[in-house]
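S.K.: Before anything else, here's the structure in question.
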Amino acid sequence: MKKQSNIVEYQFEASQFEWEIAEGKTIQAWGFNKQVPGPIIKARKGDTLVVRLKNSLSESTMIHWHGIRVPASMDGTGEVQKPVAPGEEFEYRFQVEDAGSFWYHSHHNETVQMERGMYGAIVVEDELDPVVDEEKIFMIDDMKLTANFEFTKPSWALPRLIEKHDGRQGDTLLINGKVDSLLHMHARQMERWRFINASSARYFKLYLGGREFKIIGSDGGLIEQPVVVREALITPGERLDIMVGPFKEGEIIPIDSLSYSRSTFLRPKKETFASVKVLEAKPSVANIPPFLRVIEPLAPQEAAINRKVKFSVGPSLKNGMNFLINNGLHVLDEPVKVGELQVWEIDNVSLMDHPFHLHGFFFQVLEINGKAPAYKAWKDTINLTPRTKVKIAWMPDNRPGKWMYHCHILEHHAAGMMASFEVIDAATPYVTSRSSCHSH
Ligand SMILES: [Cu+2]
């Protein structure tokens, strides 16, 4: 039973337009409503979101709502809808049942459409959110551009192979569609910063010049207790919510990404994406409680595995390199039944990292190479380092239909590292007590 809910409506037009990434530096972007990122969608937990998409591009597109527990028909993939052709419209309509930081992006010809800017943030608020002085969204991206700010594709064999292997990484580093942004905050205040990694392949290891910050949220909203760190990895597709401050007036906080080696041809290095300047002090009302919410475990760490998923990379005469799931390309996996707990082992036997993303459902990580993770969280994307086994648990609630999981390095996904599967009705009707997970 759906309770009466507030309706939040957006009109989206996908098109090509000029976008200034820095003063005097303009790209031919593709995006929503002529901005990169697209409009920030804001809703409250329980709202119904309606997005009417008009496609004014010269090719088809569709939108995937990353992390939102949509009905299958609204997932925005080729499994569940016809791509929206040029000149056509499509209405997405679904309830947002979880508070947190989510995002939307094109799920069609992604290596081109996402690279050009077809993504945006979704913030779902809730009365249980901690009180903060201010919030900021940092959408991380990078673009590979020529000296004339044109999008480029490698034209000869070796660079093409490198891009396929590494995923596309560019030297143009963007936060919210801009190079070298200078943002502001006030001394004495504490802010919530929502990081969303929208890049094709870049591993972003957040570092604020050595300052401590508190992780308060992950893909599926708040974690149980703040975790104090000085660095945190955010892989493509992942979100991380942190609390920062208070800082001193005059400080300049770099938004850095530390070097992270994921066995790429490109040499990893530390890079600065943006800076935040601390202005004069203002009073603070921020209040971060020591406990943020309870996350009930879906399964014990030793729960029996009922599906194994293997990620591997192998040589290919035809493609140069194959990116495989269970030794296949673009595979069809077995269905799962509504209400039957899923305990999956994802085994990365390759010598490179892959971020695993499950559409439509949150999972809990039970083990990484036999060990419980540092803290409990609802996740939809988890990085697999080389030769790593990750055990996850998730519950297919009553949303039958076609879903998928894939590597979120867009070039790997496109090269075949993806699987579709169906969630099917159980023989006996499954009765939900509203949504099975995620209630506070
Ligand atoms: Cu991958």
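S.K.: Which percent of the accessible heavy-atom area of region 7-127 goes to carbon and sulfur, probe 1.4 angstrom?
M.R.: 45 percent
S.K.: Also: Can you give the accessible area per residue of the chain, in Å², using a 1.4 Å probe?
M.R.: Solvent-accessible surface per residue comes out at 42 Å².
S.K.: Could you list which residues have their amide H under 5 Å from that of GLU367, counting only those 5 or more apart in sequence or on another chain, with H placed in the peptide plane?
M.R.: LYS391
S.K.: Also, I was wondering about something else. If you average 1/r across every pair of different Cα atoms in region 233-317 and take the reciprocal, what Kirkwood value do you get, in Å?
M.R.: 18.9 Å
S.K.: Which whole-Hz ³J(HN,Hα) couplings does region 73-89 yield from phi under the Karplus relation 6.51 cos²θ - 1.76 cosθ + 1.60, θ = phi - 60°, glycine and proline marked x?
M.R.: Calculated HN-Hα couplings, in order: 5, 9, 6, x, 10, x, 6, 10, 8, 7, x, 7, 6, x, x, 8, 10 Hz.
S.K.: Further question on the same structure: With every protein chain present, what accessible area does MET243 have (1.4 Å probe, heavy atoms only), rounded to the nearest 10 Å²?
M.R.: 0 Å²
S.K.: Quick check: the distance between the Cα centres of region 98-120 and region 280-312, to the nearest angstrom?
M.R.: Here the answer is 23 Å between Cα centres.
S.K.: Relative contact order for region 276-364: what percent, with Cα pairs under 8 Å and sequence separation of 6 or more?
M.R.: On the way: 69 pairs, mean separation 25.5, N = 89.
Dividing the mean separation by the residue count of region 276-364 yields 29 percent.
S.K.: Projected onto the charge dipole of the chain (+1 at Lys/Arg Cβ, -1 at Asp/Glu Cβ, origin at the Cα centre), which of MET190, SER73, VAL423 gives the Cα projection farthest towards the positive end?
M.R.: VAL423
S.K.: Equivalent ellipsoid semi-axes for region 277-415, as square roots of 5 times the alpha carbon gyration tensor eigenvalues: give them largest first, rounded to whole Å.
M.R.: 32, 22, 15
S.K.: List, largest first, the extents of the alpha carbons of the chain along their principal axes, each in whole Å.
M.R.: 63, 54, 46
S.K.: Please list, by residue number, every one of the GluC sites (Glu not before Pro) in region 114-173 that is coil in DSSP and has at most 15 other beta-carbon atoms within 10 Å.
M.R.: Here the GluC sites (Glu not before Pro) that fit, given the DSSP loop and packing criteria, are GLU127, GLU150.
S.K.: A follow-up question, please. Mind listing the phi-derived Karplus ³J(HN,Hα) values for region 120-125, rounded to whole Hz, using 6.51, -1.76 and 1.60 with θ = phi - 60°, and x for any glycine or proline?
M.R.: Values, residue by residue: x, 9, 10, 10, 10, 9 Hz.
S.K.: What do the square roots of 5 times the Cα gyration tensor eigenvalues come to for region 63-173, in whole Å, largest first, as semi-axes of the equivalent ellipsoid?
M.R.: Equivalent-ellipsoid dimensions as semi-axes: 31, 21, 12 Å.
S.K.: Taking amide H positions as placed in the peptide plane 1.01 Å from N, state which residues far from ILE223 in sequence (5 or more) or on other chains have amide H under 5 Å from it.
M.R.: GLY217, SER218
S.K.: Under 5 Å between amide H atoms, partner at least 5 residues away or on a different chain: which partners does ARG239 have, H built in plane at 1.01 Å?
M.R.: When sequence neighbours closer than 5 places are left aside, the close amide H contacts are ASP219.
S.K.: From the square roots a ≥ b ≥ c of the eigenvalues of the alpha-carbon gyration tensor of region 7-127, which class results: rounded (a/c under 1.5), prolate (a/b over b/c), or oblate?
M.R.: oblate
S.K.: For region 289-306, just list the computed ³J(HN,Hα) in residue order, Karplus coefficients 6.51, -1.76 and 1.60, θ = phi - 60°, integers in Hz, with x standing in for Gly and Pro.
M.R.: After applying 6.51 cos²θ - 1.76 cosθ + 1.60, I find x, x, 10, 9, 5, 9, 10, 5, x, 6, 7, x, 4, 8, 3, 5, 6, 10 Hz.
The values are calculated or read from the model by the stated rules, or taken from the named source; none is laboratory data. Note that this is a predicted model, so its numbers are computed, not measured. All Cβ positions, even for glycine, are placed from backbone atoms using ideal geometry, and neighbour counts span all protein chains on display. The accessibility values were calculated without ligands, DNA or RNA, using every heavy atom of the protein model including side chains. Shrake-Rupley method; radii C 1.70, N 1.55, O 1.52, S 1.80 Å.
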